1. For segment 65-178, list the strands (runs of 3 or more DSSP E) that sit wholly inside it and hold at least 1 residues that are away from ligand 1 (no atom under 15 Å from the Cβ); which are they?
2. Based on this model, can you work out whether residue 222 counts as out of contact with any helix residue (DSSP H, G or I) (no Cβ under 9 Å at 6 or more places or on another chain), open to solvent by less than 40 Å² (accessible area, probe 1.4 Å) and small (Gly, Ala, Ser)?
3. Could you go through segment 278-285 and let me know if any residue there is open to solvent by 40 Å² or more (accessible area, probe 1.4 Å), among the polar types (S, T, N, Q), in a loop (DSSP other than H, G, I, E, B) and farther than 22 Å from residue 233 by Cβ.
4. Name every residue in segment 33-51 that is in contact with a Ser or Thr (Cβ under 9 Å, 6 or more places away or on another chain) and closer than 21 Å to residue 274 by Cα, in order of residue number.
5. Quick test of your reading of the structure: residue 190 fulfils all but one of (1) over 30 Å from residue 246 (Cα atoms); (2) crowded, with 24+ Cβ neighbours inside 10 Å; (3) among the polar types (S, T, N, Q). Name the failing condition by number.
6. Open to solvent by less than 10 Å² (accessible area, probe 1.4 Å) and at pLDDT 90 or above: is that true of residue 97 in this structure?
7. Please verify whether residue 61 is within 16 Å of ligand 2 (Cβ to nearest atom), touching a strand residue (DSSP E or B) at 6+ places or on another chain (Cβ under 7 Å) and closer than 30 Å to residue 22 by Cβ, treating the condition exactly as stated.
8. Which one is farthest from ligand 2 (Cβ to nearest atom) among residues in segment 100-151 that are open to solvent by 20 Å² or more (accessible area, probe 1.4 Å) and among the β-branched types (Val, Ile, Thr)?
Amino acid sequence: MEWKELVRNTVNSPEKLVDHFPDFELDLEELKRVHEEFPIRVNPYYLSLIREPGDAIWKQVVPDSRELVPNGYDDPLGEEGDSQVLNVTHRYPDRALFYVNYMCPIYCRFCTRKRKVGDPYSIPNDNLERGLNYIREHPEIRDVIISGGDPLMMTDRRIEQVVSGLRSIEHLEIIRIGSRVPVTLPQRITPELCKILKRYHPFYINTHFNHPREVTAETERACSLLADAGIPLGNQTVLLRGVNDDTEIMKELMKKLLAIRVKPYYIYQADLVFGTDHFRTSVEKGLEIVSALRGHISGLGVPHYVIDAPNGGGKIAVSPDPVINFNEKEITLRNYEGNLYTYPSSPTC
Ligand SMILES: *Cc1c(COP(=O)(O)O)cnc(C)c1O
Ligand code: SF4
């Protein structure tokens, strides 16, 4: 199916979801209650990856009554606090997030931007100019991440408008898009789109694979088109209980990503988003996963494990500490197999 047709046939109501799974017992009333809080949205392609109720794909898109349990925050990262205009979050000195739309191919139940996603009033279309002006007036910004929602859900024309608008800003060096489209609607990545994007280098895409089963022939085709257009691809995974909180699953995911030319960039500890506590794992689990990756697969495949600090503290990388002992004379380190090695702390002359 062509991507626009997949979007047209998207399951976006509790009734349609129940109809899609005639063999499974879904509670319509419960779905309706959750849908009111954060809408259901999943296209036929991503639905086709589900093998059985409760699997790693299902959990990402099918509502769960635990989403209504009051825990967490609407804006766990304090993004609004770092926004002087509605659609730009400017937290770090030299880079900014630029929100251009509110829609995605699927609505992930754990989404950090639930407060904006799915709500057409949260990121109004007519605000583009205001965001561009803000970036133009801040010469310290040299790197912009186009975000949303999902920017690649827009038409080719609209995407080019945004990207070319940014490219016309003299002080901007790097343009990036954060998008789950290569994973959740890979059919959207067309030669025409790539032809547009490659005109605006240096241009990067960070995508969001969470599970090895999301790496399919379709996603591989999409990533190849992008990589062949010279676009470096990175991946940001969210550590999710029951989805990918397992060392073997993560190892397989990272290996599969490298094989389709996607560089694992971040693993996020799940943010404290409202109603997502059932997705959260212990930090210990995250550290265990990073330990299981380091040394066991290429350094290329080992992402930074980060906790995005509440209240706008930003991303903080945490890693299992290999330093056993450190003094003026020597440092004692543990390698990936658990063996200890010492190394002189400073040169002798
Ligand atoms: C993650 C993030 C960025 C980009 O961070 P990088 O580490 O450069 O990828 C920029 N702004 C905000 C607010 C972010 O959360
Ligand atoms: S694709 Fe990204 S922004 Fe959209 S619902 Fe999923 S996590 Fe949120």
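1. Hits in segment 65-178: none.
2. When the stated conditions are applied, residue 222 does not pass them.
3. Yes, segment 278-285 contains at least one residue that is open to solvent by 40 Å² or more (accessible area, probe 1.4 Å), among the polar types (S, T, N, Q), in a loop (DSSP other than H, G, I, E, B) and farther than 22 Å from residue 233 by Cβ.
4. 33, 34, 35, 39, 40, 41, 42
5. Condition (2) is where residue 190 drops out.
6. no
7. Considered against the rule, which asks whether it is within 16 Å of ligand 2 (Cβ to nearest atom), touching a strand residue (DSSP E or B) at 6+ places or on another chain (Cβ under 7 Å) and closer than 30 Å to residue 22 by Cβ, residue 61 comes out as yes.
8. It comes out as 145.
The values are calculated or read from the model by the stated rules, or taken from the named source; none is laboratory data. In this text the structure is predicted, and so the values were computed from the model without any measurement. So basically every Cβ, Gly included, is an ideal-geometry build from the backbone, and we count neighbours across all protein chains shown. Side chains included, ligands, DNA and RNA excluded: accessible areas come from the protein's heavy atoms. Shrake-Rupley method; radii C 1.70, N 1.55, O 1.52, S 1.80 Å.
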